[in-house]
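The values are calculated or read from the model by the stated rules, or taken from the named source; none is laboratory data. These numbers were taken from a predicted model, which means no experiment stands behind them. Neighbour counts are summed over all protein chains in view; Cβ atoms, including those assigned to glycine, are modelled from backbone coordinates with ideal geometry.
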Amino acid sequence: MSFLDNVWSVAKNKAEIAGKVIADQLLERGTNRALSLVGTSVGCQVILSILDNLPEDCSIIQDVVLLGCPFASNSPKWGEWRQKVCNRFVVVHSENDGMLAYVNRIESGIVSVSGLTGVETEGIENYDASDKIQSHFQYMQQIRQILLDLHFNSDLPEL
């Protein structure tokens with residue numbers, strides 16, 4: 001295992017823990033507003049962990065947008081997660097994301113990664129950003145434009 005693989009594994013494990021803590025806080029404190037969650041890379045793992053740790057009847061997550069998500073595209077969990085999102089659930093992917101392909105193949109043996117191919121789950125939208133994303137690190141540079149393309153929020157600030 002290379003240094004990069006170990007860092008990636010540690011980051012994913014910490015993302016799982018962070019998602020559980022955030023979900024616990026959301027449930028404990030409650031909210032009178034629905035939340036939209038947007039994440040890139042390992043941030044997607046945090047969001048998926050939040051969804052994992054919310055009850056099925058929870059209705060506090062309005063929208064989810066995942067960009068460059070490192071989770072398997074063929075997992076049955078996508079359907080479970082979709083049920084916990086009230087409105088839009090979007091997976092943004094790029095076939096050009098070589099970093100995502102490398103770390104997932106080495107770390108977990110996953111061949112089909114949602115950040116490379118999208119997902120085929122009813123109710124989940126796929127957005128192919130291959131024309132904008134040539135590497136994993138470009139998601140942060142392109143996030144505003146991608147969200148505008150998705151008509152996600154017309155009040156997005158300049159980054």
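Observations on the model:
- Flag for Gly68 being free of Cβ contacts under 8 Å to residues at least 60 places away in the same chain and either among the small types (Gly, Ala, Ser) or under 29 Å from Ser135 (Cα atoms) (or both): no
- Residue that is nearest to the chain's Cα centre (by Cα), among those in the range 71-125 that are at pLDDT 90 or above and at positive phi: Gly118
- Matching residues, the range 1-52, being surrounded by fewer than 19 Cβ atoms within 10 Å (Cβ to Cβ), touching a residue at least 40 places away in the same chain (Cβ under 8 Å) and hydrophobic (A, V, I, L, M, F, W, C): Met1, Leu4, Ala34
- Only listed residue being assigned to a strand (DSSP E or B), modelled with pLDDT of 95 or more, over 13 Å from Ile124 (Cβ atoms) and not acidic (Asp, Glu), chosen from Val38, Val64: Val38
- Residue count, the range 73-90 (criterion: in a loop (DSSP other than H, G, I, E, B), touching a residue at least 40 places away in the same chain (Cβ under 8 Å) and surrounded by 20 or more Cβ atoms within 10 Å (Cβ to Cβ)): 1
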